[in-house]
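Report on the following structure.
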Amino acid sequence: MPRKALTPNQMWAALVAVAGHVPVPLTGRNYLELLPVRWQAITPAGITIHHRTYDADLLAPYRGQASPVTGRGGKWETHHNPHDVRQIWVRLLDGELTEIPWIHRDHVHQPFNDHTWQHIRTHAHHSNHHDSQQHESDLADALDQLMRRVHSGHTTTAEQALLARSTTTPVPTARHPRPGTGPTTSEPAQHDGDDSIDNLPDDNTYPTAAAGFGLYDAHEEADKW
């Protein structure tokens, strides 16, 4: 059918029928590449998303510098796991995705998502909103206290349901900050305007099968996304 117009999926089906198909499990690097993308500035303080600061010493040469990617206003490509926002991955000049931890990751030992974080921001009381560093520290402490209450059973049904939405998805192997170059933890690991290029839906609607990278059909999941 040399003159027939085919969609990409129809062409794929035609070629698979001729050449066959060998499914290849996704690697940890593939998993990171498939995570949602945001474009963020690297400021002197690090990378800020929704009042969370992500930083490591290895960002020092990039602070205040524009990304070489044209058309993004100098912002850098970052990837995040919507079910565990304790770290992000930023693509630096070597082209690799490098993990950058939340500066309070050592204080909050369980995964949480943006729904939980926004709940804390809405309901926690803070003495000084003008000191952004202290405000973020207070939010991290309030989040840790919430998790401790849920663990001990001294919380409301609504709070239990809120934390239940944060699934403990495995984080793939990635390049971490070198020892001594920034915040570290024994666990795997922007300004506030949401300038995501993906305009993604609520966390609950992400295909959670992505957590089991290598165990699902990437083409099916790509269609869903």
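Scan the stretch 69-80 and give yes if some residue there is in contact with a helix residue (DSSP H, G or I) (Cβ under 7 Å, 6 or more places away or on another chain) and closer than 27 Å to D144 by Cβ, otherwise no.
yes
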Open item on the list: Checking the structure you have, find out if any residue of the stretch 67-77 is of a type in the set (A, V, I, L, M), surrounded by 17 or more Cβ atoms within 10 Å (Cβ to Cβ) and modelled with pLDDT of 90 or more.
Closed with: no
- [ ] Only one of these is part of a strand (DSSP E or B) and either surrounded by fewer than 13 Cβ atoms within 10 Å (Cβ to Cβ) or at pLDDT 95 or above (or both): H80, H125. Name it.
- [x] H80
Task: Residue identified as within 20 Å of the chain's Cα centre (by Cα), among the aliphatic types (A, V, I, L, M) and under 30 Å from T156 (Cα atoms) among L139, L97, L92 - done: L139
TODO: Could you please give the count of residues in the stretch 1-47 that are among the charged types (D, E, K, R) and either in a loop (DSSP other than H, G, I, E, B) or surrounded by fewer than 10 Cβ atoms within 10 Å (Cβ to Cβ) (or both)?
DONE: 2
TODO: Could you give me the residue pairs with C-beta distances under 6 Å whose first residue belongs to the stretch 61-86 and is under 18 Å from L35 (Cβ atoms), whose second residue is acidic (D, E) and outside any loop (DSSP other than H, G, I, E, B) wherever it lies, and which are 6+ apart or on separate chains?
DONE: P82/D203
Open item on the list: Restricting to the stretch 95-118, and then to whatever is of a type in the set (D, E) and assigned to a helix (DSSP H, G or I), can you tell me which residue is farthest from A56 (Cα to Cα)?
Closed with: D114
- [ ] Go through the residues of the stretch 102-110 one by one and say whether even a single one is open to solvent by 60 Å² or more (accessible area, probe 1.4 Å) and either of a type in the set (S, T, N, Q) or more than 21 Å from the chain's Cα centre (by Cα) (or both).
- [x] yes
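Are any residues in the stretch 18-62 of a type in the set (F, W, Y) and under 18 Å from K75 (Cβ atoms), and if so, which ones?
Of everything in the stretch 18-62, those that are of a type in the set (F, W, Y) and under 18 Å from K75 (Cβ atoms) turn out to be W39, Y54, Y62.
Of the residues that sit in the stretch 48-63 and are of a type outside the set (A, V, I, L, M, F, W, C), at pLDDT 95 or above and assigned to a loop (DSSP other than H, G, I, E, B), which one is farthest from the chain's Cα centre (by Cα)?
Residue satisfying both the conditions and the ranking: R63.
The values are calculated or read from the model by the stated rules, or taken from the named source; none is laboratory data. The model shown is predicted, which means the values in this text are computed figures rather than measured ones. As a convention, Cβ positions derive from the backbone with ideal geometry for all residues, glycine included, and neighbour counts pool all protein chains shown. Areas reflect the complete protein model, heavy atoms only, side chains present, ligands, DNA and RNA absent. Shrake-Rupley method; radii C 1.70, N 1.55, O 1.52, S 1.80 Å.
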